[in-house]
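Below is one structure, written out as C-alpha cells; the observations come after it.
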Amino acid sequence: MNFRSAICLALAITFAVDSAAATDDIKLIATDDSQMQAAKATASRTLDQFLAIHSNPPFDATNLEVKVVFSDRGTNELMWVAPFRRTATGFEGILKNQPRNIPSLQWGQQVTFTKAQIADWGYAQRGKTYGHFTPCVLFERQPSADLLALRRERGFVCDRTGSQIRPGTK
C-alpha cells in the first residue's frame, strides 16, 4: 500500500472509529510545568526506540502517532500526527487535531516536521497503549470519570520511565 492510500485509509478509520481527536478540548499548559516537561523529556529520550518500532512495526501494532509542536507567529500548539513517514528532510503526515491557535493549519492537512518538533509519541499493541506521556500527566491531574474510562478503554500504560516501550522484547 502506498503512502497516499495509507493516508486515505487512516482518515476513513479516524472518521469511522474515533472522531474525538478533532474535538478534544484544548488544555493550556504552562511552559514551566515540571511534570509536563518531564513527560516530554521521557518521550524525547525514548523517541529513537519508538521510531525503530515505527520503521518496522510488529504485525499487531496500531495507531503509531507523534505529537508535534507547531509554531506560528509566536504561538505554539501541540497536535497529534498520523500516519506519518520519514522524508529526506524529516517527516510528513496527517494532522489529527483541529488547531485552535494556528489558523494556517487544519485537521486532516498534510504537514511536514522535523524530529526536533516531536514532543510525544504513542502506539497501541495487544490491548495496551504505550507512550502518550503528556496525556498521562493529564490523566493523573484530572481523574474525571470520562478520562478514567478512556484510560481503561484504551489501556494506557502511563509508564513515566519509558521502560515499557515494546512488550515482550526485553
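The values are calculated or read from the model by the stated rules, or taken from the named source; none is laboratory data. Because the structure is a prediction, the values reported are computed rather than measured. Glycine gets a Cβ as well: all are built from the backbone with ideal geometry, and neighbour counts include every protein chain shown. Note: accessible area is taken over every heavy atom of the protein model, side chains too, but ligands, DNA and RNA are not part of it. Shrake-Rupley method; radii C 1.70, N 1.55, O 1.52, S 1.80 Å.
Region 80-158: Rg/Rh from Cα coordinates, Kirkwood Rh?
Reported Rg/Rh (Cα atoms, Kirkwood Rh): 1.02.
Tally Lys/Arg at +1 and Asp/Glu at -1 over every other residue whose Cβ is under 10 Å from the Cβ of Ile118; what's the total?
My count for the surroundings of Ile118 gives +2.
So what is the accessible area of region 85-145 per residue, in Å², with the probe set to 1.4 Å? Present the calculation step by step, with values, prior to reporting the outcome.
Details: 2830 Å² over 61 residues.
I get 46 Å² per residue for region 85-145.
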